[in-house]
Structure formats: C-alpha cells, structure tokens
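Okay, so here's the structure we're looking at.
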Amino acid sequence: MPTLFRFLFILTAIAGVIYGSMVALVLLVEPREREVSVRVPSERLNPAPKE
C-alpha cells in the first residue's frame, strides 16, 4: 500500500504544480491588445465567372 500512496501523492503534486502555474498565468500575464489587419486578394472577394 505505501507505493500506492506515494504514487497518488506524486500525481497530486504534479496536478497541483500544473494548476498553480495556470492560476499564475491567469493572474500575472496581461495580453497585449493590438489591431490586426489582413489583406484579402480581390480574386477571393470577386471570383472570375466560370465558363
């Protein structure tokens, strides 16, 4: 049984580290807002008629 408890403890510790890093990312990192512009070729907007 001690190996099962050790295994569960290790899994819980890994999950805690992952969860803690996710919480830290949410609280500490602010995304930068910026304007995005994408050029669309006129051929995609007005395709040539098919014959």
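The values are calculated or read from the model by the stated rules, or taken from the named source; none is laboratory data. Keep in mind that this is a model prediction, so the values were computed, not measured. Virtual Cβ from ideal backbone geometry, glycine too; neighbours counted across all protein chains shown. The area values use the complete protein model at the heavy-atom level, side chains included, leaving out ligands, DNA and RNA. Shrake-Rupley method; radii C 1.70, N 1.55, O 1.52, S 1.80 Å.
Structure notes:
- The modelled label-to-label distance between residue 18 and residue 34, using points 7 Å beyond Cα along the C-beta direction, is 3.1 nm.
- Listed values (1) 1.08; (2) 2.62; (3) 1.74, entry calculated as Cα Rg over 2.2 N^0.38 Å: (2)
- The chain: trypsin sites (Lys or Arg not before Pro) in DSSP loop, at most 15 other beta carbons within 10 Å: 32, 34, 39, 50
- Of the solvent-accessible surface of the chain, computed with a 1.4 Å probe over protein heavy atoms with every protein chain present, carbon and sulfur atoms account for 65 percent.
- Rounded to the nearest 10 degrees, the angle from helix 2-28 to the longest Cα principal axis of the chain is 40 degrees.
- The chain: most fluctuating residue of 26, 40, 17 per GNM, C-alpha cutoff 10 Å: 40
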